[in-house]
Every structure is written in C-alpha cells, then in structure tokens.
Amino acid sequence: MLMLNPIVIIPARMASTRLPGKPLADIGGLAMIVHVLRRAEEAAIGPVVVACAELEIKAAIEAAGGRAVLTDPNHPSGSDRIFEALQSVDPKGDHDAIVNLQGDLPVLDPLVVQACVRPLMDPAVDIATLVAEIEDDAERTNPNVVKAVVGFKEGQDMGRALYFSRSQVPYGDGPLYHHIGIYAYRRAALERFVSLAPGILEMREKLEQLRALENGMRIDAVRVDTVPFGVDTPEDLERARIILKAKESKL
C-alpha cells in the first residue's frame, strides 16, 4: 500500500452557457465556489487550491481565507487548468495525488472526496473516479448521464473502469453505473494526460476520460451511494440554496 500526499485543486471559470458567472453565484451569503472550497477543506485529505480563470474568483476565494491561483483563461479543460495550478503551488512535486474537484458542487458530501483517493493506494492505478448505481430508469437512456462500465466483484466497492459512454452500457441484466466526474490523478498520470492529443473515442463520445483509456492508462472507480448534486441552471442554484439553508437550520 502506498502512503499518499494529496492536494485538492478546484478549477473555476466564469464562462457558463446556462448560468453565467456561476462560481460567484450567491448561496446564503457566500459565493458557490467558496462553498465548494469549504466542502473540500472538510474532507481533510490535504491542502485545497482554487485554479481560477479570472481575477474576481481569486479575490472571492482569498477574501474567504482560501488559496487561489490565477491560470490561463484559454485552457481547453479543467485538467489542463489544474495542472498549471499544480506546477505553480507545488513546483517541487511534494504532492503525489491530485484531486480534480468540480466547482459546482456546493452541497457535496466531504466523504465522497475522501473516497475518490482510495484506488490510488494501488500503485497500478493511474486515475481514480467515482460511480453510483442508476436508480432512475430515465437515466439509463439519457445521453447526458455518462455510464461507467465497471464489473464490481461481490462485496467490493472498487473496480476497474473498462469504458465510459453516453449510451446504455453494458448490455444485459444487471446494474448500470452513473459516472461522477470527480477524479484523483497520480501526479505522473496527470502530467502525461494533459500532454496527450484528444482521442478518437473521446471526440466521438465527447468524454475526456476516454483519452486516458485509449492510451493504456488505468482508471479505477469507487462506488458511492448517491450522485453529488451539481449546479448547472438557475433552477439548480435555487435548489442548492434550499438544501444548504435546511442544513444550516439543523446545526
């Protein structure tokens, strides 16, 4: 078993088609990106850094006592953004595991962040991610719900991801798994991944993680109970406000 020294990096940019300025959307008096920062800090697996595309996000994080790094606004993906931030905050390579946490998960359970790192304890694993069993029949055929093909052995909650698709796979009776887009990279794997050209299947399915599989990298997945609620629309934002207000009222 390896001893890991993780760092959590949250890529954030203001551009959003359905919810412009999403990272700074107010939820109970705090910007959404600050809520995500707090959930990552609560996971307590390592330092947390926000990789910003714009100065206003950096200012909001620093005003909340967090650490932020300004990155090139033209990065094609969050993976490229977190790699630039990693080089800036950890040039000596002290952190050997990097969690790429989406910045639109303000009600995330910190235990999910902890779970994502577990597969990297196996030195054969390059990238770790999360899945949850699909319970809603409509999600089985919804192309916006990405399916992970993972054969979990009896009694185990970790397994090797063989493919990801927007289609209903695999064929036959049995569970389907909703892929949760949170990743933990071994440092060398992240460096290699961002150096690779987009893959043929990646471009066809429009799924970045297929680039890793097409190039022989190993992705293992942890099965968790639920899919974290992400904010993509004004309606989602209002729901997040209600959820967090209810949680605060119980404290």
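Screening PRO106 against (1) under 22 Å from ALA212 (Cβ atoms); (2) modelled with pLDDT of 95 or more leaves a single unmet condition, (1). Each residue in region 190-203 was checked for being among the small types (Gly, Ala, Ser) and open to solvent by less than 50 Å² (accessible area, probe 1.4 Å), and 1 of them qualify.
Table: residues versus (1) under 30 Å from PRO175 (Cβ atoms); (2) modelled with pLDDT of 95 or more; (3) out of contact with any Gly (no Cβ under 8 Å at 6 or more places or on another chain).
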| position | (1), (2), (3) |
| --- | --- |
| PRO47 | no, yes, yes |
| LEU55 | no, yes, yes |
| GLY65 | no, yes, yes |
| HIS75 | no, no, yes |
| ASP94 | no, yes, yes |
| ASP137 | yes, no, yes |
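For region 204-232, a residue qualifies if it is open to solvent by 40 Å² or more (accessible area, probe 1.4 Å), over 22 Å from LEU105 (Cβ atoms) and either in a strand (DSSP E or B) or touching a Lys or Arg at 6+ places or on another chain (Cβ under 9 Å) (or both), and the qualifying residues are ASN215, ARG218.
Would you say ILE7 is among the β-branched types (Val, Ile, Thr) and over 19 Å from the mean Cα position of the chain (by Cα)? Walk me through how you get there before you give the answer.
Numbers: among the β-branched types (Val, Ile, Thr): yes; over 19 Å from the mean Cα position of the chain (by Cα): no.
Judged against the criteria, ILE7 is not a match.
Only one of the listed residues (ILE45, ILE9, ILE27) is touching a residue at least 24 places away in the same chain (Cβ under 8 Å) and either polar (S, T, N, Q) or open to solvent by 10 Å² or more (accessible area, probe 1.4 Å) (or both). That residue is ILE45. Scanning region 14-24 for residues that are surrounded by 12 or more Cβ atoms within 10 Å (Cβ to Cβ) and in a loop (DSSP other than H, G, I, E, B) yields MET14, SER16, LEU19, GLY21.
Of all the listed residues (ARG81, ARG118), the sole one being farther than 30 Å from GLU56 by Cβ and either touching a residue at least 60 places away in the same chain (Cβ under 8 Å) or out of contact with any Leu (no Cβ under 8 Å at 6 or more places or on another chain) (or both) is ARG118.
Conditions tested, residue by residue: (1) under 16 Å from the mean Cα position of the chain (by Cα); (2) of a type in the set (A, V, I, L, M, F, W, C).
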site	(1), (2)
ASP109	yes, no
ARG118	yes, no
ASP126	yes, no
VAL131	yes, yes
ILE134	no, yes
ALA138	no, yes
ASN142	no, no
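The residues of region 80-121 that are open to solvent by 60 Å² or more (accessible area, probe 1.4 Å) and in a loop (DSSP other than H, G, I, E, B), listed by number, are PRO91, LYS92, ASP94, GLN102, ASP109. Restrict the check to region 225-236 and report whether at least one residue is more than 16 Å from CYS116 (Cβ to Cβ) and touching a Gly at 6+ places or on another chain (Cβ under 9 Å). For region 225-236, residues more than 16 Å from CYS116 (Cβ to Cβ) and touching a Gly at 6+ places or on another chain (Cβ under 9 Å): present. Look at region 48-62: where a residue is at negative phi and in a loop (DSSP other than H, G, I, E, B) and a partner is hydrophobic (A, V, I, L, M, F, W, C) and surrounded by 18 or more Cβ atoms within 10 Å (Cβ to Cβ), sitting 6+ places away or on another chain with Cβ atoms under 7 Å, you get ALA53/ALA12. If the condition is being aliphatic (A, V, I, L, M), part of a helix (DSSP H, G or I) and open to solvent by 10 Å² or more (accessible area, probe 1.4 Å), then region 30-42 contributes no residue at all.
The values are calculated or read from the model by the stated rules, or taken from the named source; none is laboratory data. Note that the coordinates shown come from a computational prediction; the quantities given were computed from them, not determined experimentally. Cβ: placed from backbone, ideal geometry, glycine included. Neighbour counts: every protein chain shown. What goes into the accessible areas is simple: the full protein's heavy atoms, side chains included, and nothing from ligands, DNA or RNA. Shrake-Rupley method; radii C 1.70, N 1.55, O 1.52, S 1.80 Å.
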